[in-house]
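The values are calculated or read from the model by the stated rules, or taken from the named source; none is laboratory data. Quick caveat: nothing in here was measured; it's all calculated off a predicted structure. Please note: Cβ atoms are built from the backbone with ideal geometry, for glycine as well, and neighbour counts cover all protein chains shown.
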Amino acid sequence: MSHELDQLIRNYTIKHDRKIKTICDPLQTYLGISTFAYYSIEDNGSFVIISNFPEQLDFFYSSHLYLNCPYLVHPSLFRSGYALIPLADDQEKVNLSRKLYGIDHFLLMLFRVGNKIEGFFFNAKNPNDQFIDRLDLLSKFVNLKGSYSQYER
Amino acid sequence: MSVDLCDLVNRYSIKYDHKIRSICEPLEVHLGIPNFSYYSIEEDGRFVILSNFPEQVEFFCANEMYHSCPYLAHPSLFRSGAALIPVTYDPMQVQQSRKQYGIDHLMLILNCTANKVEGFMFTTKDLNVQTCQNFIPKFDLLNKFGGYFKIEAQELINRALSERYNIKSVRGKAFTAHDPNLILSRFDKTTVSFLRQTSLLSWQEQRCLELYRQGHSAQSTAAVLGLSQRTVEHYLDHIKEKLNCRSKRELLTKG
């Protein structure tokens, strides 16, 4: 794993683990969503990621899944919207993640704001869980109607 | 059979079938969603429903399925959002709909304001609990389509609303009966708790902001909520502060 990414995970997701978990607590308590991650990419490549599940984030980077993740690219390539995406293209690694963490898919909410793109990942461990009837609440959780009221499509 | 509702279907969805189908064409062509219905209910019960699949709506009305449909109720009972719901809450009729039209579920997007609820219903033949995940990437576009449909069908919607169709008189007490376990119920305990815990605003502040965004003045907001005008102004100042807004105008986009 690149040293910079390793530092990013250590200095934020791991160091502030307790604070992040507290913020995400209502997701688990009321909606059964156990995993949340936020990332942002600016057009100059500046990158931030934080998650309430550092072990899984560590796995994502130590397995080099970020190298093939099509969503970790230039902001201009996307429109705002929702998607249900697999953890990776590599089925073996998806299987491993499922086995280790019970995670193989994510709901991704993507928003273009100015010169950057922000993504919010949600995961429920129960594979039968639906996100449709929670999209509105999840949008509120990421403050869509506040900070993202001016997002671009 | 309710003469009123079948009449509504005949006079609008069937009579203007060509126009409605043409508005809905992009749904099928670009998103593969052949069936769409729109409904609106005002707080006094005025009701309109338009569909590009009149046979199915006729089936719904002729079998009086509206009696058991919990979403055909007073606007104040709901919150905005999306849900996968069965076409009817009677399992026998679900089977019949599946057999006759290949449809047993629909995707409902509700858009609520204080005095009106609008429902946008989308369905395909294979829509069910498993396949509804395929709607997620389209969700943003479906919302946009809802706005487009309303603009294009505005004249029809207004005309139908100005007539005598009233869902309150058809459903009686069921019109105001609330089921807190219903998806998109405003009183669903889980939702209320989640929103309380994740919102920067108190419950009362949220209601003030909602009414303010609907164009109510401080005075009329106070009247609706049974508060004094001064209290409402105090709430709005607090909201401005919490949401880091410089003016009340900015409140219309933040929150």
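Given the condition more than 14 Å from chain A (Cβ to nearest Cβ), over 16 Å from B:Leu161 (Cβ atoms), hydroxyl-bearing (Ser, Thr, Tyr) and outside any helix (DSSP H, G or I), answer yes or no: does some residue in region B:88-95 qualify?
yes
Of all residues in region B:117-134, count the ones that are within 30 Å of B:Arg213 (Cβ to Cβ) and either out of contact with any helix residue (DSSP H, G or I) (no Cβ under 9 Å at 6 or more places or on another chain) or surrounded by fewer than 16 Cβ atoms within 10 Å (Cβ to Cβ) (or both).
Matching residues across region B:117-134 total 2.
Check region B:208-221 and report whether any residue there is touching a residue at least 40 places away in the same chain (Cβ under 8 Å) and under 30 Å from B:Asp4 (Cβ atoms).
Taking every residue of region B:208-221 in turn, at least one turns out to be touching a residue at least 40 places away in the same chain (Cβ under 8 Å) and under 30 Å from B:Asp4 (Cβ atoms).
Among the residues of region B:28-44, which ones are assigned to a loop (DSSP other than H, G, I, E, B) and in contact with a helix residue (DSSP H, G or I) (Cβ under 6 Å, 6 or more places away or on another chain)?
B:Ile33, B:Pro34, B:Glu43
Provide a single number: the residues in region B:198-218 that are assigned to a helix (DSSP H, G or I), among the hydrophobic types (A, V, I, L, M, F, W, C) and surrounded by 18 or more Cβ atoms within 10 Å (Cβ to Cβ).
4
May I ask you to list the residues in region B:184-194 that are among the basic types (Lys, Arg) and either in contact (Cβ under 8 Å) with a residue 12 or more places away in the chain or away from every other protein chain (no Cβ under 11 Å) (or both)?
Hit for region B:184-194 is B:Arg186, nothing else.
Of the residues that make up region B:214-233, is at least one closer than 23 Å to B:Glu42 by Cα, more than 14 Å from every other protein chain (Cβ to nearest Cβ) and under 20 Å from the mean Cα position of the chain (by Cα)?
yes
For A:Gln28, all conditions in the list (1) closer than 30 Å to B:Leu184 by Cα; (2) without any contact (Cβ under 8 Å) to a residue 24 or more places away in the chain; (3) out of contact with any Ser or Thr (no Cβ under 6 Å at 6 or more places or on another chain) hold save one; what is the number of the exception?
Here A:Gln28 meets the rest and fails (3).
Return the residue satisfying two criteria in turn: it lies in region B:45-95 and is on the phi > 0 side of the Ramachandran plot and in contact with a helix residue (DSSP H, G or I) (Cβ under 8 Å, 6 or more places away or on another chain), and of such residues it is surrounded by the most Cβ atoms within 10 Å (Cβ to Cβ).
Going through the qualifying residues, I end up with B:Gly81.
Assuming B:Gln95 fulfils every condition listed in (1) closer than 20 Å to A:Asp136 by Cα; (2) at pLDDT below 95 apart from one, which condition is it?
Here B:Gln95 meets the rest and fails (1).
Quick grid of which residues meet (1) within 14 Å of another protein chain (Cβ to nearest Cβ); (2) in a loop (DSSP other than H, G, I, E, B):
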position: B:Leu127; (1), (2): yes, yes
position: B:Asn134; (1), (2): yes, no
position: B:Asp140; (1), (2): yes, no
position: B:Glu155; (1), (2): no, no
position: B:Glu163; (1), (2): no, yes
position: B:Val170; (1), (2): no, no
position: B:Lys173; (1), (2): no, no
position: B:Leu182; (1), (2): yes, yes
position: B:Arg196; (1), (2): yes, no
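Need the failing condition index for B:Leu108 against (1) away from chain A (no Cβ under 14 Å); (2) crowded, with 22+ Cβ neighbours inside 10 Å, just the number.
Just one mismatch for B:Leu108, condition (1).
Is there a residue being touching a Lys or Arg at 6+ places or on another chain (Cβ under 6 Å) and under 20 Å from B:Lys144 (Cβ atoms) anywhere in region A:88-102?
Looking for residues that are touching a Lys or Arg at 6+ places or on another chain (Cβ under 6 Å) and under 20 Å from B:Lys144 (Cβ atoms), one finds none in region A:88-102, hence no.
Would you call B:Thr176 surrounded by fewer than 16 Cβ atoms within 10 Å (Cβ to Cβ), in contact (Cβ under 8 Å) with a residue 60 or more places away in the chain and among the hydroxyl-bearing types (Ser, Thr, Tyr)?
Here the answer is yes, as B:Thr176 does meet what is asked.
Which residues, taken from region A:6-57, are under 16 Å from A:Gly102 (Cβ atoms), under 14 Å from the mean Cα position of the chain (by Cα) and either in a helix (DSSP H, G or I) or basic (Lys, Arg) (or both)?
Residues satisfying the conditions are A:Leu27, A:Pro54, A:Glu55, A:Gln56, A:Leu57.
Contact list please: Cβ distance under 7 Å, first residue in region A:54-83 and in contact (Cβ under 8 Å) with a residue 12 or more places away in the chain and more than 22 Å from B:Phe139 (Cβ to Cβ), second residue in a helix (DSSP H, G or I) and basic (Lys, Arg), pairs at least six apart or on different chains.
Correct list of pairs: A:Ser63/A:Lys93; A:Leu65/A:Lys93.
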